[in-house]
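A.B. asks: Next up is a structure, given as structure tokens.
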Amino acid sequence: MTIRVLVVDDEELVRTGLRMILDAEPDLTVVGTAVDGVQALTEARRLRPDVVLMDIRMPRLDGLAATRQLLTGPDPAACKVVILTTFDVDEHVYEALRAGASGFLLKDVPADQLAHAIRVAAAGEALLAPSVTRRLIAAFTGAPSARPPPPGAVRPAGLEDLTAREREVLVLLAEGLSNAEIAGRLFVGEATVKTHVARVLLKLGVRDRVQAVIVAFRSGLVAMEPRESA
């Protein structure tokens, strides 16, 4: 199956470079490009891509607002959105995750990692490396350290409905493991892991794995590791 990609960036050189990289892959094809968020919304509705690579800082309508309108509006699109950014720590990225984006990539990511990330996003898996996930979720949730939430904190709806195995899968998702890696860790088939992940998302009422990871950290199911010193 060919994965259809829409590239959104206000810089022509970036759009051209991304198209060349992705079109060189046998299972990826760039079906269109857009220069800002307004055009991205139009093209996403018209072309129905599987994945949208969305820059954050653009004229007219930025990537954050475009992502929110695309994924959480009255008629949400079925595509995945991956945020493109120059910085690995950017407050707008946290807002993008809140708006439903599946993750983010740095613009200087190597070509092979870019292609891999597109495949991962299309499959509904997490894009974030474990260390990056923890840093992002820490900022997103306001967690300053490894401390769990205070006694009496409200547990997210659906968390108590998870089976022991589903909780185990959620913890491994929070560690940044792929379905194949989780299967290896639990000594089960990858299809079984996919079933568990689907049930976790359904019970938690979340859109994707990134949102499930946020629930895991917010609830204290997974403790935040202390940040490393620079």
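Where a number appears in this text, it was derived from the coordinates with a stated rule and is not lab data. These numbers come from a predicted model, not from an experiment. Neighbour counts run over all protein chains shown; Cβ positions are idealised from the backbone, glycine included.
A.B. asks: Which residues' amide hydrogens lie under 5 Å from the amide hydrogen of L105, considering only partners 5 or more residues apart or on another chain, with H built in the peptide plane?
C.D. replies: I83, L84, T85
A.B. asks: Can you compute the radius of gyration and Dmax for region 3-124, using only the Cα atoms, both in Å?
C.D. replies: 12.6, 36
A.B. asks: Between D112 and E181, with labels modelled 7 Å along Cα→Cβ, what's the label distance in nm to one decimal, could you check?
C.D. replies: 1.7
A.B. asks: Whole-Hz ³J(HN,Hα) for each residue in region 202-216, computed from phi via Karplus 6.51 cos²θ - 1.76 cosθ + 1.60 with θ = phi - 60°, x for glycine and proline: what do you get?
C.D. replies: Once rounded to whole Hz, the list reads 5, 5, 7, x, 10, 6, 8, 5, 4, 5, 5, 5, 4, 4, 4.
A.B. asks: Going by average Cβ density within 10 Å per residue, which order do the peptides 96-103, 200-207, 70-77, 34-41 take, highest to lowest?
C.D. replies: 96-103, 34-41, 200-207, 70-77
A.B. asks: HN-Hα J couplings of region 110-124 from phi, Karplus 6.51/-1.76/1.60, θ = phi - 60°, integer Hz, Gly and Pro as x?
C.D. replies: Result, ordered by residue: x, 4, 5, 6, 4, 4, 4, 4, 4, 5, 4, 4, 4, 7, x Hz.
A.B. asks: Which whole-Hz couplings ³J(HN,Hα) result when phi for each residue of region 28-36 is put into the Karplus expression 6.51 cos²θ - 1.76 cosθ + 1.60, θ = phi - 60°, listed in order with x for Gly and Pro?
C.D. replies: With coefficients 6.51, -1.76 and 1.60, one gets 10, 8, 8, 8, x, 9, 9, 9, 7 Hz.
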